[in-house]
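All remarks here apply to the structure that follows.
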């Protein structure tokens with residue numbers, strides 16, 4: 001079982017995500033444990049202050065190091081733990097990293113907000129800085145969901161069918177994706193428009209189907 005600990009100032013963002021689909025079932029079956037920690041619970045002032053103005057000036061606010069340090073001190077209990085800080089300048093998250101992280105016992109994710117996070121968090125508390133793409137988001141909550149789901153689906157039993165992973169995982173621990181079709185065989189959205197399923201997929205010839213998939217497959221995250 002992997003334990004996911006997510007530190008955020010907006011814990012309710014995760015409510016619906018954790019109560020749906022495979023993530024919910026994986027939690028109920030004890031395959032994963034996901035804890036959401038409100039950073040404000042680790043403050044010591046009456047106003048539960050988690051941010052302050054940046055030194056040197058700037059337009060936004062910066063998350064303070066003190067409450068994050070206190071949260072980490074209480075949450076990090078396992079030697080086989082990885083602490084992730086989400087930042088646009090971080091290492092790009094991919095399938096290969098997800099496979100490596102799936103072997104851990106605990107993954108702690110720090111969700112930034114506003115102008116950013118005090119750099120001392122990156123230097124002294126985080127093991128790795130991660131980015132989920134070359135764009136800027138309002139915070140680290142969506143990246144945390146992405147990382148959680150990508151890793152969780154690699155845990156045996158989460159998807160229900162182990163062969164699904166065996167079919168899609170490459171030797172380099174990346175992911176294979178190819179085009180998929182289902183009924184109807186012919187879809188006619190308007191006159192003179194007929195969108196057909198490739199004939200080879202209807203042939204029942206397993207070798208030819210595998211050859212077709214191999215031809216059009218794409219390796220992701222190697």
Options (1) 8, 31, 30, 19, 11, 2; (2) 8, 33, 36, 19, 4, 0; (3) 7, 27, 29, 19, 11, 6, 1 are given for P(r) over Cα pairs in 10 Å bins from 0, in percent, and the computed one is (3)
Longest principal axis of the chain (C-alpha) makes with the long axis of helix 141-152 (C-alpha) an angle, in degrees to the nearest 10, of 50 degrees
Rounded to the nearest Å, the spacing of the alpha-carbon centers of the range 1-64 and the range 181-195 is 45 Å
Ranked from fewest to most other Cβ atoms within 10 Å of their own Cβ, 182, 150 fall in the order 182, 150
Helix-only [θ] at 222 nm, the chain, -39500 (n - 2.57) per DSSP H run of 4+, per residue, nearest 500, equals -8000 deg cm²/dmol
Put in order of increasing Cβ neighbours within 10 Å, starting from the fewest, 86, 175 give 175, 86
Computed on Cα atoms, the radius of gyration and Dmax of the range 129-206 in angstrom are 18.6, 52
Largest fluctuation, 207, 100, 48 only, Gaussian network model of the chain with Cα springs under 10 angstrom, belongs to 207
In the range 1-118 the DSSP beta bridges are antiparallel at a rate, in percent to nearest 5, of 10 percent
Exposure-ranked with fewest Cβ neighbours within 10 Å first, 115, 167 stand as 167, 115
Label model pair residue 203, residue 45: point-to-point distance (7 angstrom along the Cα→beta-carbon line) in nm is 7.0 nm
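Using 1/(1 + (r/R0)^6) with R0 = 41 angstrom and r between the beta carbons of residue 127 and residue 216, what's the FRET efficiency to the nearest 0.05?
Computed FRET efficiency for residue 127 and residue 216: 0.65.
Figure the gain on full extension for residue 155 and residue 135 (residue separation times 0.36 nm, minus the Cα-Cα span) and round it to one decimal in nm.
4.3 nm
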Compactness summary of the range 178-220: radius of gyration and Dmax from Cα atoms, Å, are 12.4, 37
Pseudo-spin-label distance residue 163 to residue 115, built 7 Å along Cα→Cβ, given in nm, is 5.6 nm
Of 65, 200, 32, the most mobile residue in a GNM of the chain (C-alpha springs, cutoff 10 Å) is 200
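Taking every DSSP beta bridge with both residues inside the chain, roughly what % is antiparallel (nearest 5)? The partial results should precede the final answer.
Details: 9 of 33 bridges.
Percentage antiparallel, nearest 5: 25.
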Between residue 172 and residue 77, the two model label points (7 Å from Cα along the beta-carbon direction) sit apart by a distance in nm of 3.9 nm
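Coordinate-derived values only; no laboratory data. Since the model is a prediction, treat every value here as computed from it, not as a measurement. Positions of Cβ are generated from backbone atoms using ideal geometry, with glycine treated the same way; all protein chains shown enter the neighbour counts.
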